[in-house]
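Here is the structure we will look at, set down as structure tokens.
The values are calculated or read from the model by the stated rules, or taken from the named source; none is laboratory data. It should be emphasised that the depicted structure is a prediction, and the values quoted were computed from it without experimental measurement. Cβ placement follows ideal geometry from the backbone for every residue including glycine, while neighbour counts extend to all protein chains displayed. Each accessible area value is taken on the protein alone, full model and side chains, heavy atoms only, with ligands, DNA and RNA left out. Shrake-Rupley method; radii C 1.70, N 1.55, O 1.52, S 1.80 Å.
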Amino acid sequence: MRIWSRTSILMVIAALMLMGFGAAVLPARAGSVGMSYSFCLGGGYSYQYGSYTAGGTYELYGNGGCFRQLQFSWWSLDGSGWVANSWTSGYSDRYNSIGVSTDGKSQHKLGISFLSSGPLCNTQSWTTYGSCP
Amino acid sequence: MVRLLHSVAYAALAFALVSGASAACGGAADGPPPQGELQEILNQTSDFQRAFLQDGEVSFEEYERSVFGTVQCLMDHGIRILSGPKLVAGGTHFEFSFGGAQNDADHDAQLGVYDGCYREHQDAVDYVWAGQNRPDQKTLDDARAALAECLRAAGVPLPDEPSTIDFQTAQRADPPAFDACARPVQEQFRLPGFGG
């Protein structure tokens, strides 16, 4: 138990580091976040480059045993308004992208978890126009 | 002080990665969830999903009914389905889109409805289904190699044995080329959403 407690603390520190790292390497209209659940440590990101927006989530710690989810939506300027995709889930890194108007906006929701009690725990969302949590 | 914090953080990350192998021994395995975890799932999930999960496994038909249950729930709440559900990733994953909200507040409300429908009809089934279709390491390695080969052929620079960060850099460098390579890899290796 003591080892787990120490590991949890270190994972939080690593997650904070990850958030800083993501902010440093991604372009201006982008966000990144560190996520943890049980022994799982992962990261998520979104960005908009020109007419493309993309988001993803990946595992840094967990040896492939962490369930990862990604769901995103975007503002379509063809008159349909907000369009939302269904959740994509599994045990490999999640990634999705869509071509949008350069004036568009998008929102990405990410999750990483171990037990089914947490598929939507630690989910973060942000818009590519907004600040990261 | 800043350098010290960075050193501590890097050490923490290294510790976490190195000790991951032992910790992950308790992680999800291929196939149905262990009995203890299954019981936790059954205790927490809805009646709708519990009926599918009693035997600890999800058949394709049960997965399909689960997804269409979510879709019907959205429609019952007056939300338009804009595409799908269609099977992707080698027939292992249904995807669809919905929406049509003309402002952010309505969009947030629709996402709230979706979360409710998903929890009622699909989240636990998705979790077990994904476990049954969890790729082994060789599949992941082969998929990464195929993605890297396609990207290099498209002129996107990648180092030998690219890391997750390298694939993300490639995404940002040329999103259309990355998508053109990622989609067929997802289909071939049955990995929904795979991006390296």
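What the table below lists for this structure:
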item	result
Over the stretch B:137-189, relative contact order from alpha-carbon pairs under 8 Å, at least 6 apart, %	39 percent
For B:Leu82, distant residues with modelled amide H under 5 Å away	B:Ser97, B:Phe98, B:Gly99
Shielding by partners, peptide B:119-128 (average Cβ within 10 angstrom, other chains)	4
For B:Arg134, residues with placed amide H under 5 Å, excluding near neighbours	B:Gly31
Largest-first ordering by accessible area, 1.4 Å probe, given options A:Trp75, A:Trp87	A:Trp75, A:Trp87
For the stretch B:88-106 versus the stretch A:72-93, the gap between their alpha-carbon centres in whole angstrom	5 Å
Residue-by-residue Karplus 3J(HN,Hα) for the stretch B:148-156, coefficients 6.51, -1.76, 1.60, Hz, glycine and proline x	4, 5, 5, 5, 4, 5, 8, x, 8
For the stretch B:137-189: rounded, prolate or oblate by the Cα gyration tensor [a/c cutoff 1.5]	oblate
For the stretch A:80-97, Karplus couplings with θ = phi - 60° (6.51, -1.76, 1.60), whole Hz, Gly/Pro x	7, x, 6, 10, 10, 8, 6, 4, 10, 9, x, 10, 9, 4, 9, 8, 7, 8
Residue mean of other protein chain beta carbons inside 10 Å, B:87-99	3
Amide H contacts under 5 Å for A:Tyr52, placed H, 5+ residues apart	A:Val100
The stretch B:43-55 - phi-based ³J(HN,Hα) in whole Hz, Karplus 6.51/-1.76/1.60, Gly and Pro as x	5, 9, 7, 6, 4, 4, 7, 4, 4, 7, 9, 4, 8
Size of the stretch B:63-131 as Cα extents on the principal axes (Å, biggest first)	36, 21, 18
